[in-house]
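In what follows, a single structure is set out as structure tokens and then discussed.
Here, each number is a calculation from the coordinates, and none is a lab measurement. Bear in mind the structure is a predicted one, so any value in this text is a computation, not a measurement. Ideal geometry is used to build each Cβ from the backbone, glycine not excepted, and the neighbour counts take in all protein chains shown.
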Amino acid sequence: MTNIDRFESIFRAATRNVFHFKANPIRSVLVICDANAEVAAKYTQQVETFLTPLFVGPGHQVEYLTMAGGEFDRVSVLVEKLSGMTPDLICTHRNLHTPLDEFPHSLGSYVDVLTQATSIPILLLPRPQRLTSDSELSLPAGPKRVLALTDHLDGDDRLVSWSATMTVENGDLYLTHIEDEQTFQRYISTIGKIPEIDTQMARELLLRQLLKDPEDYIQTCITAVKEAGFLCNIHPLITIGNRLSDIRRLIEEHNVDLVVTNTKDEDQMAMHGLAYEIAIELQKKPLLLV
């Protein structure tokens, strides 16, 4: 390595992404439900119970709007109705106008389209029938334990900002970065075939840097979130492993009330791959798709 290469490496290692909080004021919430008007109204009340503790401070009033199942019968109709509305948050459930028993591992065509047809965050909740019939399913009075989840936390200001917005005062926000072990091992296996590179040293240094980037970013998140006036407690969860199994484990260990994840990639129209896997897996947990 030349002196110039060494200098460039040191310089790049010293640079880091700095978190900038992006305000997400919530003044209007639209609740979409496929049940009749009476059930939809009760569902909206449950949503209010879940969200109201987030909206503290004088003058912070939130308008709740309800769209019952009889107001739309096709995806195109729902999208058209939304085009004339400007809610800050959409709350709905999986498999709108679709029997849950027939497609237990699906979001349904309505939610699939909504995640791409609008930039409005979507809070995905258990459907009304499950909230009333399953004792394991209930909505707490405010998300006290929130887990932000992405496959690349470093630099994801929007995800972290929304996660802080959705955590109650004095609640716990877990900023999670799970480096995929299978991918890491594949790169190390490739490096092991290059005689000029010390494989063990490359393994240690590469893993150290991969985990250091999100660690440094989270430290800037802690400072900026407090400066923005949010009083949640931020906890870094940074590790290497199997994303899905580790995600399930972390959610259970910390008794998480809400999971926040991305739904869009800049270079694709379909829902972000990791987000879709999580949305399918976590059928009993509230999930915010941003």
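Overview of results
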quantity	calculated
Dimensions in Å of segment 137-186 - Rg and Dmax from alpha carbons	13.7, 44
Dipole axis of segment 18-289 (+1 Lys, Arg; -1 Asp, Glu on Cβ), positive-most option in PHE184, PHE55, THR199	PHE55
Beta bridges per DSSP with both ends in segment 18-289, % antiparallel, nearest 5	10
Separation of alpha-carbon centers, segment 174-197 and segment 228-263, rounded to whole Å	22
Ascending count of other beta-carbon atoms within 10 Å, so fewest first, for THR98, THR86	THR86, THR98
For peptides 191-200, 231-240, 160-169, sequence by mean Cβ density within 10 Å, most packed first	160-169, 231-240, 191-200
Segment 21-101: trypsin sites (Lys or Arg not before Pro) in DSSP loop, at most 12 other beta carbons within 10 Å	ARG74
Relative packing of 201-212, 141-152, which averages over residues the other C-beta atoms within 10 Å, highest first	141-152, 201-212
Taking only Cα atoms of segment 18-289, radius of gyration then Dmax in Å	20.0, 71
